[in-house]
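The values are calculated or read from the model by the stated rules, or taken from the named source; none is laboratory data. Treat the numbers as computed from the prediction; the structure is a model and nothing was measured. All Cβ positions, even for glycine, are placed from backbone atoms using ideal geometry, and neighbour counts span all protein chains on display.
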Amino acid sequence: MIIANWKCNGSKEMMFSWFENYSKEIDCGDVPPTVGVAPPLIYFGYFNDENTSLRFVEWGVQDVDHLDESRTGAISVDMLIDMACDFSIIGHSERRQIFNENNNLIRKKLKSLNKRIMTILCIGETKEENDKGITKDVLKEQLEIVNGLELDTEFTVAYEPVWAIGSGLTPEPKDINEIHKYIKDVVQSNSENNLSPKVLYGGSVTDKNAESFFKEEFVDGALVGGASLDGTIFAKIVNIFNRTK
(Lines give C-alpha, C1' and ligand atoms only; values in the text may rest on other atoms or scores of the structure.)
Protein backbone atom coordinates (compact mmCIF):
# COMPACT_ATOMS: atom_id res chain seq x y z
CA MET A 1 0.00 0.00 0.00
CA ILE A 2 1.19 3.52 -0.81
CA ILE A 3 -0.11 6.33 1.43
CA ALA A 4 0.15 10.05 0.71
CA ASN A 5 0.46 12.20 3.85
CA TRP A 6 -0.11 15.80 2.78
CA LYS A 7 0.42 17.09 6.33
CA CYS A 8 -0.58 20.78 6.68
CA ASN A 9 -0.37 21.51 2.96
CA GLY A 10 -2.92 22.06 0.25
CA SER A 11 -5.60 24.28 -1.23
CA LYS A 12 -8.57 23.72 -3.53
CA GLU A 13 -6.44 24.74 -6.48
CA MET A 14 -3.67 22.33 -5.47
CA MET A 15 -6.11 19.44 -5.08
CA PHE A 16 -7.73 19.80 -8.48
CA SER A 17 -4.30 20.08 -10.09
CA TRP A 18 -3.17 17.00 -8.12
CA PHE A 19 -6.18 14.97 -9.27
CA GLU A 20 -5.56 15.90 -12.91
CA ASN A 21 -1.85 15.07 -12.79
CA TYR A 22 -2.37 11.84 -10.84
CA SER A 23 -5.05 10.67 -13.28
CA LYS A 24 -2.80 11.24 -16.28
CA GLU A 25 0.13 9.28 -14.80
CA ILE A 26 -1.43 6.42 -12.86
CA ASP A 27 -1.57 2.99 -14.47
CA CYS A 28 -4.49 1.09 -12.95
CA GLY A 29 -3.77 -1.96 -15.12
CA ASP A 30 -5.45 -5.29 -14.43
CA VAL A 31 -4.78 -5.11 -10.70
CA PRO A 32 -6.07 -1.89 -9.06
CA PRO A 33 -3.36 -0.04 -7.10
CA THR A 34 -3.76 0.03 -3.34
CA VAL A 35 -3.47 3.72 -2.60
CA GLY A 36 -4.42 5.98 0.29
CA VAL A 37 -4.42 9.76 0.59
CA ALA A 38 -4.52 11.68 3.89
CA PRO A 39 -5.25 15.34 3.14
CA PRO A 40 -5.81 18.01 5.79
CA LEU A 41 -9.16 17.15 7.34
CA ILE A 42 -10.79 20.39 6.17
CA TYR A 43 -10.45 19.21 2.56
CA PHE A 44 -11.74 15.69 3.13
CA GLY A 45 -15.20 16.47 1.75
CA TYR A 46 -13.85 17.49 -1.65
CA PHE A 47 -13.01 13.93 -2.61
CA ASN A 48 -15.29 11.67 -4.61
CA ASP A 49 -15.02 8.60 -6.80
CA GLU A 50 -16.36 10.08 -10.04
CA ASN A 51 -12.90 10.04 -11.59
CA THR A 52 -12.06 6.48 -12.67
CA SER A 53 -8.44 6.78 -11.52
CA LEU A 54 -9.61 7.80 -8.04
CA ARG A 55 -12.02 4.89 -7.72
CA PHE A 56 -9.37 2.77 -6.06
CA VAL A 57 -8.10 5.49 -3.72
CA GLU A 58 -8.83 5.18 -0.01
CA TRP A 59 -9.24 8.44 1.90
CA GLY A 60 -7.91 8.92 5.40
CA VAL A 61 -6.92 11.42 8.06
CA GLN A 62 -3.61 12.33 9.66
CA ASP A 63 -4.76 12.00 13.27
CA VAL A 64 -7.81 11.46 15.47
CA ASP A 65 -8.86 11.95 19.09
CA HIS A 66 -9.68 8.98 21.30
CA LEU A 67 -12.75 10.55 22.94
CA ASP A 68 -15.72 12.70 22.00
CA GLU A 69 -18.02 15.26 23.67
CA SER A 70 -16.28 18.12 25.58
CA ARG A 71 -13.01 18.27 23.62
CA THR A 72 -13.00 21.52 21.66
CA GLY A 73 -11.42 21.18 18.22
CA ALA A 74 -11.21 17.39 18.37
CA ILE A 75 -12.40 14.86 15.78
CA SER A 76 -13.71 11.53 17.06
CA VAL A 77 -13.67 8.07 15.50
CA ASP A 78 -17.48 8.13 15.24
CA MET A 79 -17.20 11.28 13.15
CA LEU A 80 -14.67 9.62 10.85
CA ILE A 81 -17.05 6.70 10.38
CA ASP A 82 -19.83 9.16 9.48
CA MET A 83 -17.48 10.61 6.84
CA ALA A 84 -16.76 7.15 5.38
CA CYS A 85 -13.11 7.56 6.30
CA ASP A 86 -10.99 4.56 5.35
CA PHE A 87 -7.98 4.93 7.64
CA SER A 88 -6.27 7.10 10.23
CA ILE A 89 -2.59 7.77 10.80
CA ILE A 90 -1.56 7.99 14.46
CA GLY A 91 1.72 8.47 16.29
CA HIS A 92 3.51 10.47 13.61
CA SER A 93 6.81 11.86 14.89
CA GLU A 94 5.52 15.41 14.37
CA ARG A 95 2.60 14.64 16.68
CA ARG A 96 5.00 13.14 19.22
CA GLN A 97 7.48 16.04 19.07
CA ILE A 98 5.36 19.13 18.41
CA PHE A 99 2.24 18.10 20.33
CA ASN A 100 3.99 16.02 23.01
CA GLU A 101 2.00 12.85 22.34
CA ASN A 102 3.27 9.85 24.29
CA ASN A 103 2.71 6.09 24.19
CA ASN A 104 -0.14 6.28 26.68
CA LEU A 105 -2.16 8.67 24.49
CA ILE A 106 -1.30 6.86 21.25
CA ARG A 107 -2.43 3.53 22.75
CA LYS A 108 -5.78 5.14 23.62
CA LYS A 109 -6.12 6.28 20.01
CA LEU A 110 -5.23 2.81 18.75
CA LYS A 111 -7.84 1.20 21.01
CA SER A 112 -10.50 3.66 19.83
CA LEU A 113 -9.74 2.91 16.16
CA ASN A 114 -9.08 -0.82 16.43
CA LYS A 115 -11.53 -2.95 14.39
CA ARG A 116 -13.43 0.20 13.38
CA ILE A 117 -11.11 2.11 11.04
CA MET A 118 -7.81 0.93 9.58
CA THR A 119 -4.93 2.20 11.72
CA ILE A 120 -1.51 3.24 10.45
CA LEU A 121 0.83 3.55 13.42
CA CYS A 122 3.99 5.60 12.82
CA ILE A 123 7.17 4.77 14.71
CA GLY A 124 10.78 5.82 14.27
CA GLU A 125 14.04 6.82 15.93
CA THR A 126 15.93 10.12 16.00
CA LYS A 127 19.39 10.65 14.52
CA GLU A 128 20.94 10.58 17.98
CA GLU A 129 19.23 7.28 18.79
CA ASN A 130 20.31 5.84 15.47
CA ASP A 131 23.92 6.93 16.05
CA LYS A 132 23.86 5.24 19.46
CA GLY A 133 22.74 1.97 17.86
CA ILE A 134 19.52 1.79 19.91
CA THR A 135 17.03 1.92 17.02
CA LYS A 136 15.47 -1.45 17.82
CA ASP A 137 15.16 -0.57 21.51
CA VAL A 138 13.35 2.66 20.64
CA LEU A 139 11.00 0.93 18.21
CA LYS A 140 10.23 -1.86 20.66
CA GLU A 141 9.27 0.72 23.28
CA GLN A 142 7.01 2.56 20.82
CA LEU A 143 5.40 -0.74 19.84
CA GLU A 144 4.47 -1.52 23.45
CA ILE A 145 1.10 0.06 22.71
CA VAL A 146 0.03 -3.12 20.89
CA ASN A 147 0.78 -5.39 23.85
CA GLY A 148 -2.19 -7.58 24.73
CA LEU A 149 -4.48 -6.14 22.05
CA GLU A 150 -6.33 -8.26 19.52
CA LEU A 151 -5.45 -6.18 16.50
CA ASP A 152 -7.52 -5.64 13.40
CA THR A 153 -6.09 -7.63 10.49
CA GLU A 154 -5.62 -4.36 8.58
CA PHE A 155 -3.47 -2.82 11.33
CA THR A 156 -0.38 -1.34 9.67
CA VAL A 157 2.90 0.09 10.93
CA ALA A 158 4.84 2.85 9.15
CA TYR A 159 8.54 2.92 9.97
CA GLU A 160 9.71 6.51 9.61
CA PRO A 161 13.23 7.30 10.85
CA VAL A 162 12.79 10.81 12.22
CA TRP A 163 16.15 11.85 10.80
CA ALA A 164 15.11 10.80 7.29
CA ILE A 165 11.82 12.73 7.12
CA GLY A 166 12.20 15.60 4.66
CA SER A 167 15.99 15.44 4.84
CA GLY A 168 16.75 13.58 1.63
CA LEU A 169 18.65 11.03 3.73
CA THR A 170 17.53 7.42 3.95
CA PRO A 171 18.81 4.20 5.53
CA GLU A 172 20.19 1.53 3.22
CA PRO A 173 17.39 -0.64 1.76
CA LYS A 174 18.83 -3.77 3.41
CA ASP A 175 18.78 -2.01 6.79
CA ILE A 176 15.17 -0.96 6.24
CA ASN A 177 14.30 -4.55 5.39
CA GLU A 178 15.90 -5.80 8.60
CA ILE A 179 14.01 -3.24 10.69
CA HIS A 180 10.72 -4.11 8.99
CA LYS A 181 11.19 -7.79 9.80
CA TYR A 182 11.96 -6.85 13.40
CA ILE A 183 8.77 -4.76 13.61
CA LYS A 184 6.67 -7.62 12.27
CA ASP A 185 8.22 -10.00 14.80
CA VAL A 186 7.66 -7.65 17.75
CA VAL A 187 3.99 -7.03 16.89
CA GLN A 188 3.38 -10.72 16.24
CA SER A 189 4.98 -11.69 19.56
CA ASN A 190 3.08 -9.16 21.66
CA SER A 191 -0.38 -8.77 20.13
CA GLU A 192 -3.14 -10.99 21.49
CA ASN A 193 -3.85 -12.53 18.08
CA ASN A 194 -0.18 -12.74 17.03
CA LEU A 195 -0.72 -10.49 14.05
CA SER A 196 2.14 -9.95 11.61
CA PRO A 197 1.30 -6.49 10.25
CA LYS A 198 2.07 -4.83 6.98
CA VAL A 199 4.98 -2.43 7.42
CA LEU A 200 5.41 0.65 5.23
CA TYR A 201 8.58 2.70 4.90
CA GLY A 202 8.48 6.49 5.21
CA GLY A 203 11.20 9.12 5.15
CA SER A 204 12.30 10.96 1.97
CA VAL A 205 10.64 8.44 -0.36
CA THR A 206 10.75 9.66 -3.98
CA ASP A 207 10.18 8.25 -7.45
CA LYS A 208 13.98 8.00 -7.73
CA ASN A 209 14.62 5.73 -4.71
CA ALA A 210 11.27 3.95 -4.26
CA GLU A 211 12.17 0.89 -6.33
CA SER A 212 15.21 0.14 -4.17
CA PHE A 213 12.94 -0.02 -1.12
CA PHE A 214 10.11 -1.97 -2.76
CA LYS A 215 12.47 -4.73 -3.90
CA GLU A 216 13.06 -5.67 -0.26
CA GLU A 217 11.06 -8.64 1.04
CA PHE A 218 9.58 -7.06 4.16
CA VAL A 219 8.75 -3.62 2.73
CA ASP A 220 4.99 -3.67 2.10
CA GLY A 221 4.65 -0.15 0.76
CA ALA A 222 5.40 3.46 1.67
CA LEU A 223 4.10 6.44 3.59
CA VAL A 224 5.05 9.36 1.36
CA GLY A 225 5.30 12.95 2.58
CA GLY A 226 6.76 15.74 0.43
CA ALA A 227 6.79 13.74 -2.81
CA SER A 228 3.07 13.02 -2.44
CA LEU A 229 2.18 16.70 -2.92
CA ASP A 230 2.83 16.32 -6.66
CA GLY A 231 0.20 14.09 -8.25
CA THR A 232 2.50 13.08 -11.09
CA ILE A 233 5.37 12.02 -8.81
CA PHE A 234 3.05 10.22 -6.40
CA ALA A 235 1.47 8.27 -9.28
CA LYS A 236 4.94 7.28 -10.46
CA ILE A 237 5.73 5.89 -7.00
CA VAL A 238 2.48 3.91 -7.04
CA ASN A 239 3.28 2.57 -10.52
CA ILE A 240 6.76 1.53 -9.37
CA PHE A 241 5.27 -0.32 -6.40
CA ASN A 242 2.79 -2.17 -8.59
CA ARG A 243 5.51 -3.21 -11.02
CA THR A 244 7.88 -4.28 -8.23
CA LYS A 245 5.49 -6.14 -5.96
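Identify, from the list Lys132, Lys208, the residue that is within 22 Å of Asn239 (Cα to Cα) and free of Cβ contacts under 8 Å to residues at least 12 places away in the same chain.
Going through Lys132, Lys208 in turn, the sole match is Lys208.
Is there a residue in the stretch 168-177 that is closer than 17 Å to Gly202 by Cα and under 16 Å from the mean Cα position of the chain (by Cα)?
Yes, there is a match, as at least one residue in the stretch 168-177 is closer than 17 Å to Gly202 by Cα and under 16 Å from the mean Cα position of the chain (by Cα).
Only one of these is closer than 23 Å to Ile90 by Cβ, of a type outside the set (Gly, Ala, Ser) and in contact with a helix residue (DSSP H, G or I) (Cβ under 6 Å, 6 or more places away or on another chain): Ile145, Ile179. Name it. Working first, answer last.
On the way: Ile179 fails: in contact with a helix residue (DSSP H, G or I) (Cβ under 6 Å, 6 or more places away or on another chain).
Step by step, each of Ile145, Ile179 is checked, and only Ile145 is closer than 23 Å to Ile90 by Cβ, of a type outside the set (Gly, Ala, Ser) and in contact with a helix residue (DSSP H, G or I) (Cβ under 6 Å, 6 or more places away or on another chain).
Just one of the numbered conditions (1) farther than 30 Å from Glu20 by Cβ; (2) among the polar types (S, T, N, Q); (3) modelled with pLDDT of 95 or more is not true of Ser88; which one?
(1)
Among the residues of the stretch 18-38, count how many are of a type in the set (Ser, Thr, Tyr), in a helix (DSSP H, G or I) and either within 17 Å of Met118 (Cα to Cα) or in contact with a Gly (Cβ under 7 Å, 6 or more places away or on another chain) (or both). Give the derivation first.
Within the stretch 18-38, the first condition is being of a type in the set (Ser, Thr, Tyr), and the residues that meet it are 22-23, 34.
Keeping just the survivors that are in a helix (DSSP H, G or I) gives 22-23.
Cutting the leftovers down to either within 17 Å of Met118 (Cα to Cα) or in contact with a Gly (Cβ under 7 Å, 6 or more places away or on another chain) (or both) gives us 22.
Of the residues in that region, 1 qualify.
Just to be sure, is Val157 farther than 22 Å from Lys127 by Cα, within 18 Å of the chain's Cα centre (by Cα) and modelled with pLDDT of 95 or more?
No: the conditions fail for Val157.
Determine whether Asp49 is of a type in the set (D, E, K, R) and at pLDDT below 90.
Criteria met by Asp49.
Quick one: which of Glu141, Glu129, Glu125 is of a type in the set (D, E, K, R), assigned to a helix (DSSP H, G or I), touching a Ser or Thr at 6+ places or on another chain (Cβ under 8 Å) and modelled with pLDDT of 95 or more?
Glu129
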